[in-house]
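Accompanying notes for the structure given below.
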Amino acid sequence: MKGDLLLIIDMQKVYAKGGEWECMDTENAAQNILRVVQSDAADSAIITKFIADKKARGVWKNYNEQYKKINEDKNANELLPQIAALTDRFKVYEKSKYSSLSIPQVRKACLKAKRVVVSGVVNDCCVLATVFELIDAGVYTVYLTDATSGLDKEKAAATELTLSGLSPLHVKLMTSQEYIEEK
């Protein structure tokens, strides 16, 4: 839709099938993200990657120490190949917190958008944190149910249930096909 920004959150190899933090349907989410990109339904897109902050404090320092092996695995932290192929078209920003809005450039772009269309992983963590921060910033959000992936079906359902309580005033839950057809 005119004025929409597609936010592609943390589609990294670590979340793919066989990855240390494998999510239930990352590859299908990636295919649905590509369908949205190829449809030109959104006017623009931004890609984020989670990269551990080497100077983290408090609980983030503890988190990074616990997952040091994964955080230092360059291959695991690379974008999925199909998402990496989009980096010639869209900017990629690294973050070290859950919400993508912790990146000033991403926040600025989101605040300018008519709506932010959210996709990526992990839907019950980084994606959910981003949606809540978008809502708090006053940005109407579209949550693509089949272009997000989580640790398991139960957590994904809980995320969707939580967000449905904020619908339609703050957020709209849609499949990628419904979003594409909406334009």
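Details
- J(HN,Hα) series, the range 118-123, from Karplus relation 6.51 cos²θ - 1.76 cosθ + 1.60, nearest Hz, glycine and proline x: 9, 9, x, 10, 7, 5
- Under Karplus coefficients 6.51, -1.76 and 1.60, residue-wise ³J(HN,Hα) of the range 91-100 in Hz, glycine/proline x: 6, 10, 10, 9, 9, 10, 10, 5, 6, 5
- Rolling a 1.4 Å probe over the protein heavy atoms gives the chain an accessible area of 51 Å² per residue.
- Every pair of different Cα atoms in the chain enters the Kirkwood calculation, which places the hydrodynamic radius at 16.2 Å.
- Ellipticity estimate at 222 nm from DSSP helix runs (n ≥ 4, -39,500 (n - 2.57)) divided over the chain, nearest 500: -11000 deg cm²/dmol
- Backbone amide hydrogens, once placed in the peptide plane, bring LYS91 within less than 5 Å of ILE47, excluding anything fewer than 5 places away on its chain.
- Unsatisfied cross-links (Cα-Cα over 18 Å) in the set LYS13/LYS49; LYS74/LYS153; LYS2/LYS95: LYS74/LYS153; LYS2/LYS95
- Antiparallel DSSP beta bridges within the chain, percent to nearest 5: 5 percent
- Only helices reaching 18 angstrom along their own axis (Cα) with mean Kyte-Doolittle hydropathy no lower than -0.5 count here, and for the DSSP H runs of the chain these are 26-39.
- If only the Cβ of Lys and Arg carry +1 and only the Cβ of Asp and Glu carry -1, the dipole of the chain around its Cα centre is close to 780 debye.
- Three-way shape call for the range 37-116 based on the alpha-carbon gyration tensor, with the a/c threshold at 1.5: oblate
The values are calculated or read from the model by the stated rules, or taken from the named source; none is laboratory data. Because the structure is a prediction, the values reported are computed rather than measured. As a convention, Cβ positions derive from the backbone with ideal geometry for all residues, glycine included, and neighbour counts pool all protein chains shown. Heads up: the accessible areas ignore ligands, DNA and RNA and are worked out on the full protein's heavy atoms, side chains in. Shrake-Rupley method; radii C 1.70, N 1.55, O 1.52, S 1.80 Å.
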